[in-house]
Amino acid sequence: MSLTRHEIREKAFQALFALNANPDADENQLFQQLLNPEEADAVEIPAYLSTLVTGVREHQAELDAQIQPYLSQKWSLDRLAKTDLIILRIAFFELQFVDDVPTKVAVNEAIELAKAFSDDRSRKFVSGVLGKVVKNQAN
């Protein structure tokens, strides 16, 4: 089974969403369910899937601290839709910790995740936050 990076990001989002609801869940078992729901045989877990999920979880506090300044003063991370927060965490992780993912790709992939797993308002929100990040990086 060969997945594109886009498909891996979708699986990472699904895994992080599930782990947000059940932090004690077994990551490998969760990966198997996401990658191969029909089969009894274990499949090889793509390295990038592990990188994203483990990295976002290990750096969650740092990522959240980086996201917070981009929210309006009336908003806190707790008020964000969990889907939006997880998408932003993945994007911020890729922007900061994954050298071979260009900024433009990380931003576009986050917007695609928002399109797939959220609504139009969320897509615009994610796009707006990441647009500010890119603008700040350019300065």
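The values are calculated or read from the model by the stated rules, or taken from the named source; none is laboratory data. The structure displayed is predicted, hence computed values, not measured ones. Using ideal geometry, Cβ is built from the backbone for each residue, glycine included, and neighbour counts are taken over all protein chains shown. Heavy atoms of the whole protein, side chains included, go into the accessibility calculation; ligands, DNA and RNA do not. Shrake-Rupley method; radii C 1.70, N 1.55, O 1.52, S 1.80 Å.
If you check Arg9, Arg57, Arg89, which single one turns out to be crowded, with 17+ Cβ neighbours inside 10 Å, in a helix (DSSP H, G or I), in contact with a His (Cβ under 9 Å, 6 or more places away or on another chain) and of a type in the set (Lys, Arg)?
Arg89
Pull out all pairs, ordered by first then second residue, where Cβ-Cβ is under 7 Å, the residues are six or more apart or on different chains, the first lies in region 19-39 and is in contact (Cβ under 8 Å) with a residue 60 or more places away in the chain, and the second is open to solvent by 50 Å² or more (accessible area, probe 1.4 Å) and in a helix (DSSP H, G or I).
Sorted first by the residue in region 19-39, then by its partner, the pairs are Asn20/Lys82.
Would you pick out the residues in region 92-139 that are β-branched (Val, Ile, Thr) and assigned to a helix (DSSP H, G or I)?
If the condition is that a residue be β-branched (Val, Ile, Thr) and assigned to a helix (DSSP H, G or I), then Thr103, Val105, Val107, Ile111, Val126, Val129, Val133, Val134 are the ones that fit.
Considering each of Val43, Val126, Val134, Val98 in turn, give the residue that is open to solvent by 30 Å² or more (accessible area, probe 1.4 Å) and either within 22 Å of Glu7 (Cα to Cα) or without any contact (Cβ under 8 Å) to a residue 24 or more places away in the chain (or both).
Exactly one of Val43, Val126, Val134, Val98 is open to solvent by 30 Å² or more (accessible area, probe 1.4 Å) and either within 22 Å of Glu7 (Cα to Cα) or without any contact (Cβ under 8 Å) to a residue 24 or more places away in the chain (or both), namely Val43.
Please identify the pairs in which a residue from region 65-94 that is aliphatic (A, V, I, L, M) has its Cβ atom under 8 Å from the Cβ atom of a residue that is open to solvent by 50 Å² or more (accessible area, probe 1.4 Å), counting only partners at least 6 apart or on another chain.
Correct list of pairs: Leu77/Gln68; Ile86/Phe17; Ile86/Asn20; Ile87/Phe117.
Just to be sure before I move on: is Ile67 outside any loop (DSSP other than H, G, I, E, B), touching a helix residue (DSSP H, G or I) at 6+ places or on another chain (Cβ under 7 Å), under 23 Å from Asn28 (Cβ atoms) and open to solvent by less than 80 Å² (accessible area, probe 1.4 Å) in the structure I sent?
Here the answer is no, as Ile67 does not meet what is asked.
May I ask you to verify whether Thr83 is open to solvent by 40 Å² or more (accessible area, probe 1.4 Å) and of a type in the set (S, T, N, Q)?
no
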